[in-house]
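All of the numbers you see were taken from the coordinates with simple rules; none came from a lab. Not measured: the values here are computed from a predicted model. A quick note on method: Cβ atoms are made from the backbone with ideal geometry, for glycine too, and the neighbour counts reach across all protein chains shown.
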Amino acid sequence: MRVWEEGRRIHILDTTHIEVPLEAGTYECSGVVKNADGTYARGYKLATLRTLLDSAGLLSQVALAAIQVHDVALCRPLLEQAPVLRAGICCSKIVALSMGPCYPT
């Protein structure tokens, strides 16, 4: 049996923006969004599923998309396909708890 199959595991689902220069339109598959302050940003959205073990932390899953992709749409495949999640964990509850209200896509 592998060490990481035993003991308590905590999973952290997170998204973050990776911005690139707005005036450079050469970033492949990047997107553009309008910020709350009216400015525009070009870039990507990075989603990570991290697993904290008893004595270590692992980057379990990652996904990358254009910056305008909704967090739920980006993270749902991570949760549905993650081999580190134990049976019985409901992906919609994790998304709702991690990122606020869960709206159907």
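Here the Karplus curve 6.51 cos²θ - 1.76 cosθ + 1.60, taken at θ = phi - 60°, turns the phi angles of region 64-70 into couplings of 9, 8, 4, 4, 7, 5, 5 Hz, with x standing for Gly and Pro.
Quick one: plug the Kirkwood hydrodynamic radius of region 1-80 (C-alpha pairs) into Stokes-Einstein at 4 °C, 1.567 mPa s, and report D in µm²/s.
D = 90 µm²/s.
With the simple model of a label 7 Å out from the Cα in the direction of the Cβ, VAL84 to ASP37 spans 3.3 nm.
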